[in-house]
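Asker: What follows is a structure written as structure tokens; I'll ask about it next.
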Amino acid sequence: MLLLLSVCLIAQPATCREERIQMSYEASSPFVCLRNAQSTLAKWQGDHPDWHVERWRCAARGSLPKSL
């Protein structure tokens, strides 16, 4: 599973990008991804203090959307 993020710079809210975080679990279940997403998002946010997560969602690796 992948955690797809739409993130924007805090200082320049119009500057946004997409990030993809690979969620490594034994079972590739959307429920497991959703259950563990909050801690992963908190860690990412701590590592990237200049960015703000606007939205996020889980997606299967084989069916990546063109945009979030």
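The numbers here are math on the coordinates, done by the rules we state, and not lab data. From a predicted model like this one, the values you see are computed outputs, not experimental measurements. Don't worry about glycine lacking a Cβ; one is built from the backbone with ideal geometry, like all the others, and counts go over all protein chains shown.
Asker: Just the residues that are in a loop (DSSP other than H, G, I, E, B) and crowded, with 16+ Cβ neighbours inside 10 Å, please, taken from region 1-22.
Answerer: Selection gives MET1 alone.
Asker: Could I ask something else about it? Given the conditions (1) surrounded by fewer than 11 Cβ atoms within 10 Å (Cβ to Cβ); (2) under 19 Å from ALA60 (Cα atoms); (3) not aliphatic (A, V, I, L, M), and given that GLY46 satisfies all but one, which numbered condition is not satisfied?
Answerer: Result: GLY46 passes all but (2).
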